[in-house]
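Engineer: Please read through the structure below; I'll follow up with questions.
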Amino acid sequence: MIDWQRVINLKNEIGQDDFDEVVPLFLEEVSEITNRLKKTPILDQLETDLHSLKGCALNLGFSEFSMMCSKGESLAAKGGAGSVDLAAILTSFDISCEEFLNGLEHGKIP
């Protein structure tokens, strides 16, 4: 679910101080979009929303969530926004976020 090597690479690329600043920003950005999608998804904007989520997810190593966003984005791009399983995507984010934060707390990355 989490690509810990990607997280380690990100931390090594930007350094500990920037990592400590970037992670909450990424999570906040993703949470804003996912919370809006939970309450009032705008199908005409779904492709763009999923594209944004996919990019943030890739940066943080949320591999499963990113893959699901990519599939949803492709479906929405082909006119199938109404067929995207938003509930599954949003559940994946919640589970990934929990695993990510637990992993950081319990030393999954040096």
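Only the coordinates and a few stated rules stand behind these numbers; no lab work does. Keep in mind that this is a model prediction, so the values were computed, not measured. No Cβ is skipped: glycine too gets one built from the backbone with ideal geometry, and neighbour counts run over all protein chains shown.
Engineer: Per residue of the chain, what 222 nm ellipticity follows from adding -39500 (n - 2.57) for every DSSP H run with n ≥ 4, rounded to the nearest 500?
Structural biologist: That calculation yields -26000 deg cm²/dmol at 222 nm.
Engineer: Order 44-53, 97-106 from most to least packed using the mean count of other Cβ atoms within 10 Å.
Structural biologist: Working: 44-53: 18.7, 97-106: 13.6.
Packing order, densest peptide first, comes out as 44-53, 97-106.
Engineer: Continuing with this model, one more query. Go through VAL22, THR48, HIS106 and say which Cα lies farthest out towards the positive end of the charge dipole of the chain; charges sit on Cβ, +1 for Lys and Arg, -1 for Asp and Glu.
Structural biologist: It is THR48.
Engineer: Same structure, new question: Kirkwood Rh and Cα-based Rg: tell me the resulting Rg over Rh for the chain, rounded to two decimals.
Structural biologist: My calculation of the ratio gives 1.00.
Engineer: Can you put PHE19, PHE65, PHE93 in order of Cβ neighbours within 10 angstrom, beginning with the fewest?
Structural biologist: Ascending number of Cβ neighbours within 10 Å: PHE19, PHE93, PHE65.
Engineer: Using the number of other C-beta atoms within 10 angstrom as an exposure proxy, rank GLU21, GLU64 with the fewest first. Please list the in-between numbers first.
Structural biologist: Values: GLU21 11, GLU64 17.
Listed from fewest to most nearby Cβ atoms, that is GLU21, GLU64.
Engineer: Please list the non-local residues whose amide H lies under 5 Å from the amide H of PHE62, H modeled 1.01 Å from N, same-chain partners needing a gap of 5 or more.
Structural biologist: Those qualifying (amide H under 5 Å, at least 5 residues apart or on another chain) are ASP3.
Engineer: Hey, what angle do you get for helix 86-105 against the long axis of the chain, alpha-carbon based, 0 to 90 degrees rounded to 10?
Structural biologist: The helix 86-105 is inclined about 10 degrees to the chain.
Engineer: What does the charge count near ASN59 come to, summing +1 for each Lys or Arg and -1 for each Asp or Glu among other residues with Cβ under 14 Å from its Cβ?
Structural biologist: Net of charged neighbours comes to -3.
Engineer: Here's something else I'd like to know. With respect to the cross-link table entries LYS11/LYS54; LYS38/LYS71; LYS71/LYS108; LYS39/LYS108, which display a Cα-Cα separation exceeding 23 Å?
Structural biologist: Over 23 Å Cα-Cα: LYS71/LYS108; LYS39/LYS108.
Engineer: Please report the spacing between the Cα centers of the stretch 88-110 and the stretch 14-79 in Å, no decimals.
Structural biologist: After rounding, the separation between the Cα centres reads 14 Å.
Engineer: Can you give the charge dipole size of the stretch 4-105 about its Cα centre, rounded to the nearest 20 debye, using +1 on the beta carbon of Lys and Arg and -1 on the beta carbon of Asp and Glu? Before the final figure, lay out the partial values.
Structural biologist: On the way: 8 positive and 18 negative charges, 102 e Å.
Computed charge dipole of the stretch 4-105: roughly 500 debye.
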